[in-house]
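Everything below concerns the one structure shown next.
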Amino acid sequence: MLCHLGHVLVDSVSGLVRACRVTRACGIGGTPEVIAALEMAEVHMKKEQTLVGDRGYDEDRFVSGLRHLGIHAQKTKNFCAERSRHPTKIKGTPPHRC
């Protein structure tokens, strides 16, 4: 049973870890994950910077929280959904497990 989750904020230029947190796993809803990410962004990022997250961090609560902090959210592309919608469009790409 999953009891805790680790969250990491990594600098995209240097690849260095800038912050990390552990929260209780909450199942569906992701509230602790969103709160942890916003707290790390508030402390370790400057206004007008862009935060890139995985596909779980493109939800409205997170994006609006970043906007409130003056931080931009980069839109993520769900590769697996794109591949299933347009299988011929991505022909020739290496196999990817979803």
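Output the residue which, of all residues in region 58-76 that are modelled with pLDDT under 90 and within 20 Å of V13 (Cα to Cα), is surrounded by the most Cβ atoms within 10 Å (Cβ to Cβ).
Looking at the filtered set, the residue picked out is A73.
If I ask for residues that are closer than 12 Å to A37 by Cα and touching a Lys or Arg at 6+ places or on another chain (Cβ under 6 Å), which ones from region 1-18 would you list?
H7, L9
Could you tell me whether L51 is surrounded by 11 or more Cβ atoms within 10 Å (Cβ to Cβ) and under 15 Å from H68 (Cβ atoms)? So that I can check it myself, show each step before the final result.
Values: surrounded by 11 or more Cβ atoms within 10 Å (Cβ to Cβ): yes; under 15 Å from H68 (Cβ atoms): yes.
Taking the combined requirement at face value, the residue satisfies it.
Could you tell me whether any residue of region 40-52 is of a type in the set (G, A, S) and more than 12 Å from the chain's Cα centre (by Cα)?
No, region 40-52 contains no residue that is of a type in the set (G, A, S) and more than 12 Å from the chain's Cα centre (by Cα).
The values are calculated or read from the model by the stated rules, or taken from the named source; none is laboratory data. Bear in mind the structure is a predicted one, so any value in this text is a computation, not a measurement. Positions of Cβ are generated from backbone atoms using ideal geometry, with glycine treated the same way; all protein chains shown enter the neighbour counts.
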